[in-house]
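J.: Quick one: the structure is below, and I'll ask about it shortly.
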Amino acid sequence: MSSFAGLSTALSSLIAQRQALEVAGQNVANANTPGYTRQRADMVSVESLSAPTMFSTKVGAGVGVKVTNVARLGDVFLDARLRSETATSSFSSAQARSLSRLESTLSEPADTGVAASLQAFWAGWQDVANNPQDPAARKVLVGTAGALTTQLASGHRAVETQWDQARTETRTLTTEVNTTAAAVAHLNEQIRSVLVSGGSANELMDQRDLHITRLAGLVGAAARPRDDGTVDVMVGGNALVRGVSVNAIEAQGSYTMAGATAGPSPDPVRLVWANTGTRVELQGGTLSSHLAVLAPATDGGTLARAAASYDDVARTLHDAVNALHRSGYTTTGATGLDFFTLDATRPPALGLSVAVTSDDVAAGGDPTALGPFDGSVADALSRIGASSGGPDALWRDFVVDVGVRTRTAEQRANVTEAARATAENLRLSQTSVDLDEETISMLAYQRAYEGAARVLTVIDEMLDVLINRTGVVGR
Amino acid sequence: MISRVTHQTVQRSTLANLQLNLSRMSDLQGRLSGGKVITKPSDDPAGTAGAMRLRSDLRATEQFARNAADGIGWLNTVDSALNASLASLRRARDLTVQGASSGSLGPTSREAIAIELEGIRDALLDQANTTYLGRSVFAGTSDAGSAFVQGTYDWTGAPSGSVQRRLAPDTTVRADSDGRVAFGEGAASVFALLDGIAADLRSGTDVGPRLAELDTRMTAMLGELADVGSRYNQVMTRQGQIDKAVMDLKGQLSAVEDIDLAEVLVELQSQEVAYQAALGATARVLQPSLLDFLR
C-alpha cells in the first residue's frame, strides 16, 4: 500500500460527504415541492486493492468511501394505492358535484318551486269554480298556468345547460388526458436516455408520477413500470402510454342533449381510442363520471333522467288537464277546448304552453242542465293535484329521488375522499422531507467532513515527519 | 404500520382537520341564519318528501278556508233573503186573513189590501232576485241577472244546476238555494199566488180558500230556510276545523323544516370550542423545529 493511500481515502470521504450534503440540501430545498420524493446518497465503503496473485490476501483497511447512487425513497405500491384511490374518489366527487348542482336547480322545498306553482294552479281552479262568471279569477288562473309552464321550461333548460357544460368539460378533459399522456411519454424518453447514460433521473420521475396520478384522477389510469425505467400507463386494460408512444383518446357523440339522449337512434357521448375507434372502458376518474352523467336515460344518465322527469310532469299535466277541460263548457257555451297545447317537435317540458285565453276557460258542465255559471269541471280539475299519479306526485317523487341520490353520492364522495387522503398520507409519510431528519443528516455529514479533513491533517503531519524530519539525526 | 411523521404530513393533517372544523362551523352558521334544517332535498330526503306533502296540504287547506268564507257569504245572503221573504209572507197572510174574514169591507178597503199585497209581491220578488257578487243566490248557475223573470215569474236557473263549495278533499256543500223550492215557479209561484189574491180581492171573490195555498208556500219557504241554516252550520263547523287544520299543518311543517334554535346554538358553541382547540394545537405543533435548538 502506498504511503499516500490515506490521503486519497480522506479525499474520497471529503467528496462523498460533500455529495451527501448536496443531496440533503436538495431535500431541504424541495421540502414543499409537490410530488417531490426525498432522496438519499447511498454510500459504500471501498475495499482495499487486492494483489493479483492466487494466494495473496488483503492487507490493511479499505481505501475510502464512494457514493454509488442517489436513491429515490419512493414506494411503487403506495403510489399504486394512491392512484386507485384517486380514481375512485375523483369519480365519486364528480358524481356528487353534478348531482348537487342538479339539486340546486330544483329549488325545493320552497315557496317558489314547481310544487308551489302547481299548487297555485290548482288553487286557481278552485277560485274559478267559486266564481266562473268572474273574468279576474280566470285571468289569474291563466296567468298561473303561464308561470307554471315557464317554470317547467326553465327547469328543463337548466338541465340542458348543465348537460352542455358537462359535454364541453368532457372535451376539455379529453384534451388534458392526451397532453398529460404525451408529457408522460416524453418524460419516459428522457428518463430512459438519462438512465442509459448512468445518470440520476429522480426529479424527472417525480414529475412523471405527478402526471400519472393526474391521469388516474381523470380516467382511472394505472402505471406499469418496465425494466428500462419507463412506465406504461394503462386505461381499462389498454395502453394509453406505451414506452415513448401515446395512444390518444377522443370524445365522440352529439354536442346537444337532444341528439345524444333522445330519439330512436341517439348518438351518445363516448370515449374511443383515436387509432382503432373502439370504446375506452373507464374504471373511475372524472371523465368516467362525466360520461355517466351525459348518458341517455336508458343507461341511467343523470341529466337525461332529470330532463325526462320534467317531460313526464309536463305531459301528465297536459293530458290530465286537457282530458277534463275538453268536457267542460265556457260561460258562453263553447266546449271541447284544450287548456294546454304541446309542441310535438320539442321536449314536452319546453313545448308546453297555455292554449286558451281567459275567456275560453271551460269551468262548467253542460249549461242546459247545470247552468252557464256552473263550476263543477273547474272543481274536478282542481282535484287533479291530489290524485296519486298526477303531476304533483310525479314531481315530488322526482325531487325526493334526486335528494336521495345526491345524499348517497355525497356520502360516497366523503368516504372515498377519506380513503384517498389516507393513501396520500401514507405516501407522503414515505416520500416527504422531514426537516429535522435532514438537519441531523447535515450535522452528520458535516462532522464526517470535518473528521476526514482531520484525517488529512494527521496524514499530512505524518508525511511531514517522514519527508522533512527523516535523516536529520544529530544535525 | 408505524408511519413516518414529517412536517409535511403534520401540516396536511392539521390543515384537513381545520378545514373539517371550519366547514362544520359554516354549516351550523348557515342553518342558524337560514332558520331551516332542510335547505335542499339531500339534507333529509325523507323529510323533504314530508315537507312537500305538508306544503301541498297546507296550500289546499288554505284554499278550503277561502271556499268556506265564500260559502258563508252566499249562505248568509240566502238566509237573510229568506228571513225577509218570510216576514213579508206573514204580512201577506195577515192581509189575506183580513180580506177574507170581513165581508163587510168596502171596495176601497179591498183595493187598499190588494195594493199592499202587490207591494209585498214586489218586495218578495226583490228578495228572490237577491244577488251575491253579481250572481242570483236563488238561481246560482244562471247568467240571466235575476232568478225570476218579472211578469211571468219564470225561474231562470238550470234544472240541475247548483253552486257547490269544496270544504275538504271529498266534501262539498251547496252554497245557493233552489228558488223553485223557496218561491215556486211561474203560475205556481208565490208571486202569482199574491197576484191571484189581489185580483180576487178586487173582484170581490172570497180569498179564504187561498190561505191554505199561502200556508203551503210558507211551509216550503220555512223548509228551505231550515235547510240553508243547517248548511250554514255545517260550513261554520267546517271552517273551525279548517282553521285548526291550518295551524296543525303549519306546526308539522315547522317541526320538519325549522331548526331547534337551542340545539343549534349549543352545537355551534361546542363546535367553536373544538375549532379554537384545533387552532391552538396547530400553533404548537407547527412552531418548533430542530433548528431552534441547535446552537
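J.: Could you give me D for region A:245-399, from Stokes-Einstein at 4 °C and 1.567 mPa s, where the hydrodynamic radius is the Kirkwood radius over C-alpha pairs? Units µm² s⁻¹, please.
T.: 69 µm²/s
J.: If you don't mind, another one. Label-point separation (nm) for A:Thr335 and A:Arg279, each offset 7 Å from Cα along Cα-to-Cβ?
T.: Here the answer is 5.5 nm between the modelled labels.
J.: Evaluate peptide A:382-394: per residue, the Cβ atoms of other protein chains within 10 Å of its Cβ; return the mean as an integer.
T.: On the way: counts 4, 4, 0, 4, 5, 0, 0, 0, 0, 0, 3, 2, 0.
Averaged over the peptide's residues, the number is 2.
J.: For the protein assembly as shown, with only Lys/Arg (+1) and Asp/Glu (-1) charged at the beta-carbon, what is the dipole magnitude about the Cα centre, in debye rounded to 20?
T.: It works out to roughly 2860 debye.
J.: Tilt of helix A:114-130 relative to the longest C-alpha principal axis of chain A, in degrees (0 to 90, nearest 10)?
T.: The answer is roughly 10 degrees.
J.: Extending each Cα 7 Å along its Cβ direction at B:Met236 and A:Arg326, get the distance between those two points in nm, one decimal.
T.: 4.6 nm
J.: Could you list the residues of region B:181-209 with an amide nitrogen less than 13 Å from a label point located 7 Å from the Cα of B:Thr152 in the Cα-to-C-beta direction?
T.: Zone members listed by number: B:186-187.
J.: Can I ask one more? Find the relative contact order for chain A and round it to a whole percent, using C-alpha pairs within less than 8 Å whose residues are 6+ positions apart. Write down the numbers at each step before the final one.
T.: Details: 791 pairs, mean separation 106.9, N = 475.
Contact order relative to length: 23 percent.
J.: From other protein chains only, count the Cβ atoms within 10 Å of every residue's Cβ in B:33-44, then give the mean. Spell out each step's value before the answer.
T.: Details: counts 0, 0, 0, 2, 0, 4, 3, 13, 15, 15, 5, 2.
Across the residues of B:33-44, the mean count of other-chain Cβ atoms within 10 Å is 5.
J.: Return a whole-number percent for the relative contact order of region A:123-220, with Cα pairs under 8 Å and 6 or more residues apart as the contact set.
T.: It comes to 21 percent, rounded to a whole number.
J.: For the residues B:Trp74, A:Trp122, A:Trp273, what sequence is obtained by ranking on other C-beta atoms within 10 Å, fewest first?
T.: Values: B:Trp74 26, A:Trp122 23, A:Trp273 18.
Ordered by Cβ neighbours within 10 Å, fewest first: A:Trp273, A:Trp122, B:Trp74.
J.: When N is the residue count of region B:208-295, what does its C-alpha Rg come to as a fraction of 2.2 N^0.38 Å? It would help to have the intermediate numbers written out before the result.
T.: Values: Rg = 38.3 Å, N = 88, 2.2 N^0.38 = 12.1 Å.
For region B:208-295, the normalised Cα radius of gyration is 3.18.
J.: If you don't mind, another one. Sort out for me the Cα centre separation of region A:200-218 from region B:150-225, rounded to whole Å.
T.: Taking the Cα centre of each part, region A:200-218 and region B:150-225 sit 97 Å apart.
J.: Right, another one. Is the C-alpha gyration tensor of region A:210-293 telling us rounded, prolate or oblate? Criteria: a/c under 1.5 is rounded; beyond that, a/b larger than b/c is prolate, otherwise oblate.
T.: Prolate, since a/c reaches 1.5 and a/b exceeds b/c.
J.: Now for a separate question. Measuring from label point to label point, each 7 Å out along Cα→Cβ, what is the A:Ala29 to B:Leu294 span in nm?
T.: It works out to 1.8 nm between the two label points.
J.: Given a Förster radius of 35 Å and the C-beta distance between A:Ala61 and A:Arg447 as r, what FRET efficiency does 1/(1 + (r/R0)^6) yield to the nearest 0.05?
T.: On the way: r = 20 Å, r/R0 = 0.57.
So the FRET efficiency works out to roughly 0.95.
J.: Over 53 Å, how big is the tail of the calculated P(r) for the protein assembly as shown, in percent of all Cα pairs? Walk me through the numbers before you get to the answer.
T.: Working: 137162 of 296065 pairs.
Summing the P(r) of the protein assembly as shown above 53 Å gives 46 percent of all pairs.
J.: Specify which residue in the list A:Ser117, B:Gly157, A:Leu456 is farthest towards the positive end of the charge dipole of the protein assembly as shown, using unit charges on the beta carbon of Lys, Arg (+1) and Asp, Glu (-1), about the Cα centre.
T.: Among A:Ser117, B:Gly157, A:Leu456, the one farthest towards the positive end of the dipole of the protein assembly as shown is A:Leu456.
J.: In degrees between 0 and 90, to the nearest 10, how far off the longest principal axis of chain B does helix B:45-101 point, with axes built from Cα atoms?
T.: That helix lies at roughly 20 degrees to the long axis.
J.: Now, a different point. Expressed in nm to one decimal, what extension gain is obtained for the pair B:Thr205 and B:Asp248 from 0.36 nm per residue of sequence separation less their Cα-Cα distance? Kindly include the intermediate steps, with their values, before the conclusion.
T.: Values: separation 43, 0.36 × 43 = 15.48 nm, distance 6.66 nm.
The span from B:Thr205 to B:Asp248 would gain 8.8 nm if fully extended.
J.: Pull out the extension gain between A:Arg346 and A:Ala5, defined as 0.36 nm times the separation in residues minus the alpha carbon to alpha carbon distance; nm, one decimal.
T.: Working: separation 341, 0.36 × 341 = 122.76 nm, distance 9.24 nm.
Between A:Arg346 and A:Ala5, full extension yields 113.5 nm more.
J.: For region B:67-175, would you read off the P(r) tail past 22 Å as a percentage of all alpha carbon pairs? Spell out each step's value before the answer.
T.: Numbers: 2698 of 5886 pairs.
In whole percent, the share of Cα-Cα pairs in region B:67-175 beyond 22 Å is 46.
J.: Same structure, new question: Let me have the 222 nm mean residue ellipticity of chain A computed from DSSP H runs of 4+ only, each contributing -39500 (n - 2.57), with the sum over all residues rounded to the nearest 500.
T.: Details: 13 runs with 279 residues, N = 475.
Theoretical 222 nm ellipticity from helices: -20500 deg cm²/dmol.
J.: Still on this structure, I have one more. Remind me, relative contact order of region B:108-242 in percent, using alpha carbon pairs under 8 angstrom and six or more residues apart?
T.: Over region B:108-242, the number comes to 22 percent.
J.: Can you give the Rg to Rh ratio of region B:1-123, both from alpha-carbon atoms, with Rh computed by the Kirkwood formula?
T.: Ratio value, two decimals: 1.74.
J.: Can you put A:Met54, A:Met257, A:Met205, B:Met236 in order, fewest other beta carbons within 10 Å first?
T.: A:Met54, B:Met236, A:Met205, A:Met257
J.: Something else about it: Which one, A:Ser2, A:Ala380, A:Gly336, is farthest towards the positive end of the dipole of chain A when Lys and Arg carry +1 and Asp and Glu -1 on their Cβ?
T.: Toward the positive end, the furthest listed residue is A:Ser2.
J.: Turning to a different aspect of this structure: Residue by residue through A:128-140, how many Cβ atoms from other chains fall within 10 Å of the Cβ on average?
T.: 3
J.: When N is the residue count of region B:141-295, what does its C-alpha Rg come to as a fraction of 2.2 N^0.38 Å?
T.: Region B:141-295 yields a ratio of 2.58.
J.: Further, regarding this structure: Considering all projection directions equally, how large on average is the shadow of the alpha-carbon convex hull of chain B, in square nanometres?
T.: Hull-based average projected area comes out at 25.7 nm².
J.: Report Rg(Cα)/(2.2 N^0.38 Å) for region A:317-475, keeping two decimals.
T.: Normalised Rg, Cα atoms only: 3.07.
J.: With +1 on each Lys and Arg Cβ and -1 on each Asp and Glu Cβ, how big is the dipole of chain B about its Cα centre, in debye rounded to the nearest 20? Mind dumping the intermediate values first?
T.: Working: 29 positive and 35 negative charges, 306 e Å.
The dipole of chain B has a size of about 1480 debye.
J.: Right, next: For a label point 7 Å from the Cα of B:Ile115 along Cα→C-beta, name the residues of region B:76-93 whose backbone N is under 18 Å from it.
T.: B:92
J.: Next up: Students often check this: by mean Cβ neighbours within 10 Å, which of B:16-28, B:40-52 ranks highest, and how do the rest follow?
T.: B:40-52, B:16-28
J.: Further question on the same structure: Using the number of other C-beta atoms within 10 angstrom as an exposure proxy, rank B:Ile72, B:Ile115 with the fewest first. Numbers along the way, then the final one.
T.: On the way: B:Ile72 18, B:Ile115 13.
Taking fewest neighbouring Cβ atoms as first place, the list is B:Ile115, B:Ile72.
J.: If you line up the long axis of helix B:107-128 against the longest principal axis of chain B, both from Cα atoms, how many degrees apart are they, to the nearest 10?
T.: In chain B, helix B:107-128 runs at an angle near 20 degrees to the longest axis.
J.: Over chain B, with a Gaussian network built from C-alpha contacts below 10 Å, which listed residue (B:Thr219, B:Thr156, B:Thr108) shows the highest mean-square fluctuation?
T.: Top of the fluctuation ranking is B:Thr108.
Readers should treat all values here as calculations from the given coordinates under stated rules, not as data from a laboratory. Source: prediction; values computed, not measured. Cβ: placed from backbone, ideal geometry, glycine included. Neighbour counts: every protein chain shown.
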